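One structure is given here, and the rest of the page talks about it.
Nothing in this text is a laboratory measurement; each read-out follows from the coordinates by a stated rule. Treat the numbers as computed from the prediction; the structure is a model and nothing was measured. Backbone-built Cβ (ideal geometry, glycine too); neighbour counts: all protein chains shown.
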Amino acid sequence: MLVSLVGFFVALLSASSLAPMLTPLFVKMEYSNLMALKVLPLITAFLVVSLIFSIIGFLVHWKVFARIRFSMDEVTRLRWTRMNQHCGAVMGLFMAAGYTILIGMMTYVAGYASTQVASSSDEGWIARLNAVAGGLEGSGMARIARSIATASETFYQASDLLALAHDNPLLEVRFRNYPPFLKLGEDKLVQDLAADDAFNTLWTSQASLGEFLQNPACQQVMADQGFIDRMLSHDLEDLGAYLRSGESPKFKDESILGRWEFDANATINHFMRNTVGVTGKQIRQLKEVAYGTDGGLTMVAYPDGAASVSADAKRIFKNRIKQEIKQRYGTDAASAELYVSQLDSILDGDGGNQGGNDGYGDPYGGMNQAEYDMQQRYGLNPGATAQQQGPSASQVADMIKESQKQFEDFFSGLNIQWKRVGRGRYEASGSQVTIKKDYRLMLESDGLFKAAFGALGDGNTLIFKRVW
């Protein structure tokens, strides 16, 4: 029994060192779950060392017992038997206490996260684990288990964050907008997770832990060591503070960080208030461009000093072409819209010449059929004005392809770098940026966006609003 007790402590101290040697064995057995690969080698190493010492203890006991029984006198044999019985009871108590504390520690660590997300639908081993972990808390053994547990503080912090996220599904927005996580959307694993309808249903319905563990998307996450390491490498304490309050203590001084969406109304109002001698024509032009861009332009500033600009390219590009047609050829809004409506066919290479007409194959000259019939009834030449003014189909096709190249070159070569120059003031690729207290970002474009947005990006101040 003494040898087994010594083996218990040796196994306890050596299990963490021997576990990495056994991990490849479980990998060959096709275990992919990182939790299993973390726990099973430890348990196996402990049991193997304990078994070796138990075998040694049995052999030693058999040798000693045989010598005492066959080589010693009766008095010595009786003394040894009495001593062996008394010492065995004491050693057994020590062994029982050791195993009780060890099992309690393992149960506490395993149940730390599961009990926080426990639900009435839990079943199987998870329900039993939660019941035992609850018993530890009730008996007071949880404090002993926590004091000797080998789990890192990162484990407890990550468990607390997962429980917080499980109880508050809407915190997904804050996860996405946490500064170090702004680029997570580019990770294929995260994209697959977001596109998984089954996972999203589990998330919004606050499903049980067992249901999450059975979900293939969750299993894929738990099998990706690189992704887990990247997530745990961040400051989890700061992340927890951000999830609870919406403000990161670590990044609170960098107010530019986050997602920003172009605000057309704020941009127009700022232009009208701060431009001397503004004319109605300038305001109309700016409104047309701004409203054509509204909701289609987004800027994201990252902690590494970089910023990306994304846009609803087709929508903004069509608006840009419409404005150029109106300004260059003096067409009205309806005619310009008619030209732009054929943008897809022109880009596909047929020149927009459908049905043999130079006006994009439109038999009504930019009007609906009722307007066309009414003008024809009163002896007018329906649509003549609309068909005579403006460019030809080939001219529009050339214009679109030329502008398309400028537009694509702009976004393919756009690499904004920002740096802080004062409290709430930044410089972004030569343009001045100011962050207001009402969560508005003012970008003095200085031509930064001119290539893509024409008059809107020509030295105007663009206003962005924070996306939470």
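If you rank Arg69, Arg259 by fewest surrounding Cβ atoms within 10 Å, what's the result? The partial results should precede the final answer.
Numbers: Arg69 11, Arg259 17.
Arranged by neighbour count, lowest to highest, Arg69, Arg259 become Arg69, Arg259.
Please give every one of the lysines within straight-line cross-link reach of Lys465, meaning a C-alpha to C-alpha distance under 21 Å, and leave out same-chain neighbours fewer than 8 residues apart.
Lys183, Lys252, Lys287, Lys419, Lys436, Lys437, Lys450
What's the local net charge at Leu243, with K and R +1, D and E -1, over the other residues with C-beta under 14 Å away?
Details: positive: Arg174, Arg176, Arg244, Lys250; negative: Asp160, Asp167, Glu172, Asp235, Glu237, Asp238, Glu247.
Net charge in that neighbourhood comes out at -3.
Out of residues 5 or more away from Asp263 or on other chains, whose amide H comes under 5 Å of its own, with H placed 1.01 Å from N in the peptide plane?
Correct list: Ile463, Phe464, Lys465.
How large is ³J(HN,Hα) for each residue in the range 196-212, as worked out from phi by the Karplus curve 6.51 cos²θ - 1.76 cosθ + 1.60 (θ = phi - 60°), to whole Hz, x for Gly and Pro?
7, 5, 5, 5, 4, 5, 4, 5, 5, 8, 6, 5, 6, 4, x, 5, 5
Lysines near Lys38 by alpha-carbon distance under 20 Å, same-chain residues fewer than 8 away left out - which ones?
Lys28
Please check which bits of the range 1-28 a label hung off Cys87 would reach, taking the label as a point 7 Å along Cα-to-C-beta and the cut-off as backbone N under 20 Å.
Correct set: 1-10.
Leu162 to Glu211: extension gain in nm, 0.36 nm per residue of separation minus the Cα-Cα distance? Walk me through the intermediate numbers first.
Working: separation 49, 0.36 × 49 = 17.64 nm, distance 1.49 nm.
Contour length minus Cα-Cα distance gives 16.2 nm.
Once you put a point 7 Å from the Cα of Leu78 and another 7 Å from the Cα of Ala97, both along the Cβ direction, what distance in nm separates them?
3.2 nm
In what sequence do His86, His234 fall when counting other Cβ within 10 Å, fewest first?
Numbers: His86 10, His234 14.
Ascending number of Cβ neighbours within 10 Å: His86, His234.
Give the distance, in whole Å, between the Cα centre of the range 25-62 and the Cα centre of the range 200-229.
First find each Cα centre; the distance between them is then 28 Å.
Once both labels are modelled 7 Å past Cα along the beta-carbon direction, what's the Ile228-Tyr291 spacing in nm?
Those two pseudo-labels are separated by 5.4 nm.
Could you give the C-alpha radius of gyration of the range 152-245 expressed as a fraction of 2.2 N^0.38 Å, taking N as the number of residues it contains?
Details: Rg = 12.8 Å, N = 94, 2.2 N^0.38 = 12.4 Å.
After normalising by residue count via 2.2 N^0.38 Å, the value is 1.04.
What's the local net charge at Lys419, with K and R +1, D and E -1, over the other residues with C-beta under 14 Å away? Write down the numbers at each step before the final one.
Working: positive: Arg420, Arg423, Arg425; negative: Asp253, Glu254, Asp304, Glu427.
Neighbourhood net charge equals -1.
Could you give me the ³J(HN,Hα) list for the range 137-153, computed from phi with Karplus coefficients 6.51, -1.76, 1.60 and θ = phi - 60°, whole Hz, x at Gly and Pro?
5, x, 8, x, 6, 4, 5, 5, 4, 5, 5, 10, 5, 8, 5, 6, 5
Given a Förster radius of 25 Å and the C-beta distance between Arg420 and Ser308 as r, what FRET efficiency does 1/(1 + (r/R0)^6) yield to the nearest 0.05?
Details: r = 18 Å, r/R0 = 0.73.
In this case the efficiency is close to 0.85.
Largest first and in whole Å, give the semi-axes of the range 129-199's equivalent ellipsoid, each being the square root of 5 times a Cα gyration tensor eigenvalue. Please list the in-between numbers first.
Details: eigenvalues 217, 45, 25 Å².
One finds semi-axes of 33, 15, 11 Å for the range 129-199.
Place the peptides 435-444, 73-82, 106-115, 184-193 in order of packing, highest mean first, counting for every residue the other Cβ atoms within 10 Å and averaging per peptide. Present the calculation step by step, with values, prior to reporting the outcome.
Working: 435-444: 16.0, 73-82: 11.2, 106-115: 20.5, 184-193: 13.2.
Top of the packing list down: 106-115, 435-444, 184-193, 73-82.
Quick one: if the Förster radius is 25 Å, what FRET efficiency do Ser152 and Glu247 give, using the C-beta to C-beta distance and rounding to 0.05?
Numbers: r = 27 Å, r/R0 = 1.06.
So the FRET efficiency works out to roughly 0.40.
Just the C-alpha atoms of the range 2-146: what Rg/Rh do they give, with Rh taken as the Kirkwood radius?
1.12
With r defined as the distance between the Cβ atoms of Trp468 and Val278 and R0 fixed at 22 Å, what FRET efficiency is calculated, to the nearest 0.05?
On the way: r = 33 Å, r/R0 = 1.48.
Plugging the Cβ-Cβ distance into 1/(1 + (r/R0)^6) gives 0.10.
Could you run the Karplus curve 6.51 cos²θ - 1.76 cosθ + 1.60 with θ = phi - 60° over the range 431-438 and give me ³J(HN,Hα) per residue in whole Hz, x for Gly and Pro?
For the range 431-438, the Karplus-derived couplings read 9, 8, 10, 10, 9, 8, 5, 8 Hz, x marking Gly and Pro.
Let me check I've understood the local charge: for Gln116, count other residues with C-beta under 14 angstrom from its C-beta, Lys and Arg +1, Asp and Glu -1. What total comes out?
On the way: positive: none; negative: Asp122, Glu137, Asp160, Asp167.
Spelling it out: positives minus negatives among the neighbours equals -4.
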